[in-house]
1. Kindly rank 18-30, 239-251 from highest to lowest mean number of other beta carbons found within 10 Å of each residue.
2. Relative to the first principal axis of the alpha-carbon coordinates of the chain, what is the inclination of helix 300-310, with its axis defined by its Cα atoms, in degrees from 0 to 90 and to the nearest 10?
3. Toward the positive end of the charge dipole of segment 269-454, about the Cα centre and with charges on Cβ (Lys, Arg +1; Asp, Glu -1), which of Val441, Tyr306, Gly381 goes farthest?
4. Quick one: Debye curve from the C-alpha atoms of the chain, no solvent, what's log10 I(q)/I(0) at q = 0.13 Å⁻¹?
5. Considering Cα pairs under 8 angstrom that are at least six residues apart, work out the relative contact order of segment 4-249 and quote it in whole percent.
6. Mind listing the phi-derived Karplus ³J(HN,Hα) values for segment 197-203, rounded to whole Hz, using 6.51, -1.76 and 1.60 with θ = phi - 60°, and x for any glycine or proline?
7. Using Cα pairs under 8 angstrom and six or more residues apart, how large is the relative contact order of the chain, in percent?
8. Tell me, what HN-Hα J-couplings in whole Hz come from the Karplus equation 6.51 cos²θ - 1.76 cosθ + 1.60 at θ = phi - 60° for each residue of segment 219-225, using x for Gly and Pro?
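Throughout, read-outs are computed from the coordinates displayed, never taken from laboratory work. Quick caveat, the model's predicted, so the values are computed rather than measured. FYI the Cβ positions are ideal-geometry reconstructions off the backbone, even for glycines, and counts take in every protein chain you see.
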Amino acid sequence: MIAPSFASRPRESCGVLGIYAPGTNVARLTFFGLYALQHRGQESAGIATSDGSRSYLHRGNGLVSHVFNEDHLKILQGHLAIGHNRYSTTGASRLRNSQPYLVETALGPLGVAHNGNLTNAAVLRRELLYGGVGLISSSDTEVISQMLAGAGGETWRERIGVLMDLAEGAYSLTILTRDAVYGVRDPWGFRPLCVGRLNDHGWVLASESSALATIGATFLREVRPGEVIRLDHTGMTAWQGVDPKSDRSLCVFEYIYFARPDSLLEGRSVHQVRRRLGERLAQEHPVDADMVIGVPDSATAHAIGYANQAGIPFGEVLIKNRYIGRTFIQPDDRLRRRGVALKFNPLPDLEGRGKRIIMVDDSIVRGNTSRAIVDLVRQAGAAEVHMRVASPPIRHPCFMGVDMSTHEELIAARMEVGEVASHIGADSLQYLSVEGLLEAVEAEKGGYCLACFTGEYPVPAVAAIGKDMFESW
């Protein structure tokens, strides 16, 4: 988990995985699949399996490599599995909120892993509590689990249909039962989910295609908004659980920041889309400079696109420590004062010394990290630092599974662009326009949620939604 003083990037809620593969060590495959999805959440990880008669579960706080060892994997028997990496957006970062959830029902064991946020979770939770259902966590995923467990219907297909009729907001789910694994995607398509083939007898569901490649599965296609996928001994069965919404709303931050650059979304390379974002940014906001750099590693592709379009050399000034931000050991006061220097260091032989630097980043949320990075580049000898951001200003909270739920924490909601530039210490600051963003992601090929930029929410926004909203219930 990234220490609070460093958490200035938008944080996604989770990564999910599901596998049906008879004769295969599915727990081990799920472990490596979660490794490939580690970027989507570092607070906790878990795997639930089934052998057709019994179910098994192990989960814990921390990275995948911290939560599991060989002894844990040996316990997780069976040929069906679901897995989860968590970054909390509803429910605090506590073990009781880690996933998957696993409960016994009248139809047998039920495991649920969830990526997203239900915008009507408070209403659904209250109905469960007043209906006599006891809850042990503060996560909306437990609400989903208990709704499935108590829903009307004699089959899981019927119960999933009931859930989809009632749930609002973002959910990509992998569901484990005694003899099948299901994938479910909300009708807006907020969060990604795809399906792949594993050898001749197995199937895999994953948040991103890069996880399929990691475990040797072949990408088939994305799960469509409102669609349900069932994986069992008959193969893959798909049906429309609810009609897709006409205003399809994939979170555009999947392209800007969340997804791995080697993933495919909507048939397109995430890396190539990020380069186009940088190219369009250079067209909109040129500046006289000697070198273009990217804030590593998330803005490297954006910066390369900017440099190519502008005809200015791309260089490296900052080196990122990829591990300091993924520890539960908090820095002491002296180290905390050094702030972002724990995470980034300038090259000692800075090739940008005395030069005018264009520094490209993917986004600015709170501004604290941007200010510290600008200071680092200046201290290392840059004559000028011009910040260019490959997304529009984030001025509105997200209620669909990204951890930025209040206006107060968003610097662009409180300051004009010039004020933000002064706050972070940049010589100039410019953002990509909404129109430029839509052109770069080829919006005519699909619909996107832009609510954090525009304030226009695909579903009714609930201002009271927050990570800790159910902690006192």
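1. 18-30, 239-251
2. 40 degrees
3. Gly381
4. Result of the Debye calculation: -1.17.
5. It comes to 20 percent, rounded to a whole number.
6. These are the phi-based 3J(HN,Hα) values: 9, 10, 6, 9, 9, x, 9 Hz.
7. About 15 percent, as a whole number.
8. Per-residue couplings from phi come out as 5, 9, 5, 7, 6, 7, x Hz.
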